[in-house]
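Visitor: The following block contains the structure, expressed as structure tokens.
Where a number appears in this text, it was derived from the coordinates with a stated rule and is not lab data. What you see is a predicted model, and the numbers here were worked out from it, not measured in a lab. Quick reminder, even Gly has a Cβ in these numbers, built from the backbone with ideal geometry, and neighbours come from all protein chains shown.
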Amino acid sequence: IGDCDAHITGQSSGFVHSPNYPEQYDNNLFCTWIIEVNAGEGVKMTPVTFSLEEDYDWLDVYMGDIDNVTMLGSYTGQNIAEELFVTYKMAHLVLTTDRSNTDDGFKIHFEAFDLTGFPCPDPGVPNNGYRTGDDFAVGSVVSFGCNDGYVLFGQERLTCMSGDMRYWNFSPPDCKGGPNQQKTR
């Protein structure tokens, strides 16, 4: 589907491409494609071709509902991941082009995948702290602590939750203070 502002539903796989593909796309575009799969599924996207005017034309990828989205990446030139995984039932692709110069555009294959067994994102390790646990599967628990002289702000334990998407039940904590600071909360 190459039409601007398309909402794709009811398809477990297909293609999205820039307008005019395989010819060059136009200037001054702002195109949005929403790919919506069934609840409990995510969207895997595999670029077949990708060539945008570097640093001037961009494809932004988001996940989430219409009014609550999270950016997963912003891509230009020929720089895009080999595979993109949206761990929610809705993926949003937004193409923005400037007023001069164009390129060949893109063609991206998408397919729904079952989120069962798909892990939560890596919660990271706080600066001046540590994490115990490297299993990010649904139901897994990771714990956090701080180096000597630092105080943990936030939850010590996070649990990977399931549902329409994978997420941690709390935001990862921070370690604040320092070896010479008084320990206060």
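Visitor: If the cut-off is a Cα-Cα distance under 20 Å, which aspartates and glutamates reach K176, setting aside same-chain residues fewer than 8 apart in sequence?
Guide: D148, E156
Visitor: For the stretch 129-177, calculate the relative contact order in percent as a whole number, restricting contacts to Cα pairs under 8 Å that are 6 or more residues apart. Provide the component values of the computation, followed by the final result.
Guide: Values: 95 pairs, mean separation 17.0, N = 49.
The normalised contact order for the stretch 129-177 reaches 35 percent.
Visitor: Further, regarding this structure: About the Cα centre, and with charges only on the beta carbon of Lys, Arg (+1) and Asp, Glu (-1), how big is the dipole of the stretch 129-177? Nearest 20 debye, please. Don't skip to the end; give the middle numbers.
Guide: Details: 4 positive and 6 negative charges, 13 e Å.
Dipole size: approximately 60 debye.
Visitor: If I model a spin label as a point 7 Å beyond the Cα along the Cα-Cβ vector, how far apart are those points for D122 and T32 in nm?
Guide: 3.2 nm
Visitor: A further question on this structure: Working out 0.36 nm times the residue gap between D67 and K107, then minus their Cα-Cα distance, what length gain in nm do you get to one decimal?
Guide: Details: separation 40, 0.36 × 40 = 14.40 nm, distance 2.62 nm.
That pair, D67 and K107, stretches by 11.8 nm at full extension.
Visitor: Now, a different point. In whole percent, what relative contact order does the stretch 94-151 give with Cα contacts below 8 Å and a gap of six or more residues?
Guide: On the way: 43 pairs, mean separation 14.6, N = 58.
Reported relative contact order: 25 percent.
Visitor: Setting aside same-chain residues fewer than 8 positions from K44, which aspartates and glutamates have a Cα under 16 Å from its Cα?
Guide: Result set, ordered by chain and number: E36, D60, E82, E83, E111, D114, D164.
Visitor: Could you work out which residue, out of F136, F106, F30, moves most in a Gaussian network model of the chain, that is, has the largest mean-square fluctuation with Cα springs under 10 Å?
Guide: Comparing F136, F106, F30 in the GNM, the peak value goes to F30.
Visitor: Work out how much length F153 to D98 would gain on full extension: take 0.36 nm times their residue separation and subtract the Cα-Cα distance, in nm to one decimal.
Guide: Values: separation 55, 0.36 × 55 = 19.80 nm, distance 4.35 nm.
Full extension of this stretch gives 15.5 nm more.
Visitor: Ok, one more. About the Cα centre, and with charges only on the beta carbon of Lys, Arg (+1) and Asp, Glu (-1), how big is the dipole of the chain? Nearest 20 debye, please. Mind dumping the intermediate values first?
Guide: Values: 10 positive and 27 negative charges, 226 e Å.
That gives a dipole near 1080 debye.
Visitor: A follow-up question, please. Does the stretch 6-114 come out rounded, prolate or oblate, given a ≥ b ≥ c as the square roots of the eigenvalues of its C-alpha gyration tensor, rounded meaning a/c under 1.5 and, failing that, prolate meaning a/b above b/c? Please report the intermediate quantities before stating the final value.
Guide: On the way: a/c = 1.92, a/b = 1.74, b/c = 1.10.
Note, shape of the stretch 6-114 comes out prolate.
Visitor: I'd like to know which of A91, N28, L72 lies farthest towards the positive end of the charge dipole of the stretch 6-114, counting +1 on Cβ of Lys and Arg and -1 on Cβ of Asp and Glu.
Guide: So the residue we want is A91.
Visitor: Does the chain come out rounded, prolate or oblate by the C-alpha gyration tensor, with a ≥ b ≥ c the root eigenvalues, rounded set by a/c under 1.5 and, if not, prolate when a/b is larger than b/c and oblate if not?
Guide: Numbers: a/c = 3.16, a/b = 1.87, b/c = 1.69.
Judged from the Cα gyration tensor, the chain comes out prolate (a/c at least 1.5, a/b above b/c).
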